[in-house]
Amino acid sequence: MRFDPPRPSRGRADDPRGRRDARGRTGDGRVKGSDPRPSASRRPVHPTRTRDRRGRGLRSPLLPQSVPAFTSRADSFDVVALEAFAEIDGRWHEQLVGLDIAVDDIPRMLPRDPESIQWPDEVTADGAVPLARLIPAGVDVHGQPTRAQIILFRRPLEIRAKRGADLLELVHEVLVQQVATHLGVDEDTVDRGPQ
């Protein structure tokens with residue numbers, strides 16, 4: 001709701017500021033209710049409405065923590081990724097100490113050759129859509145050493161899995177491929193464990 005500033009008193013009849021013509025213009029040419037300030041300093045007519053309309057704040061959370069809908073999709077995907085990696089980490093823990101697992105919503109990368117869709121070995125993809133990427137250890141722009149990192153792309157993986165069990169299997173398969181690339185062994189060796 002917009003509040004107009006208080007109107008000036010009508011004053012005397014010979015005062016041009018107090019008189020208005022049929023169109024609502026005052027004697028100085030302004031339209032009734034118009035703001036003499038420049039438009040850049042005006043507030044929006046309809047400010048964005050929030051849930052906290054009267055300044056009291058939220059009375060309680062929208063959902064209690066015990067309800068499954070309280071966790072977001074990203075939170076539940078993180079749990080699936082940790083569960084899928086736990087089995088691999090249990091077998092290869094000593095070799096994977098310097099490896100981090102990260103989750104990104106969508107891939108922000110393009111293939112080397114868009115027409116033939118060639119991905120480097122560090123990328124696990126389903127056709128033109130990458131599902132995960134391995135970033136080897138190196139040195140950042142500030143000269144600090146970085147750890148190796150596997151980045152899982154959440155949205156493409158969720159789209160390709162129909163149910164929760166399918167998502168767990170798909171994430172496990174992608175992680176096996178990425179860990180095999182990181183360790184320089186084949187995927188069957190990663191599933192079996194070190195000899």
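Residue by residue through segment 99-132, note down the ones that are acidic (Asp, Glu), within 19 Å of ARG147 (Cα to Cα) and under 23 Å from the mean Cα position of the chain (by Cα).
Within segment 99-132, ASP100, ASP104 qualify.
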*asked:* Checking the condition more than 24 Å from PHE153 (Cα to Cα), in a loop (DSSP other than H, G, I, E, B) and either within 23 Å of the chain's Cα centre (by Cα) or at pLDDT 75 or above (or both), which residue from LEU96, LEU58, LEU63 passes?
replied: LEU63
*Wholly within segment 111-195, strands (runs of 3 or more DSSP E) carrying at least 1 residues that are in contact (Cβ under 8 Å) with a residue 60 or more places away in the chain*: 148-153
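The values are calculated or read from the model by the stated rules, or taken from the named source; none is laboratory data. This one's a predicted model, so the numbers in the text were calculated from it and none came from an experiment. Every residue, glycine as well, gets a Cβ built from its backbone with ideal geometry; the counts of neighbours run over all protein chains shown.
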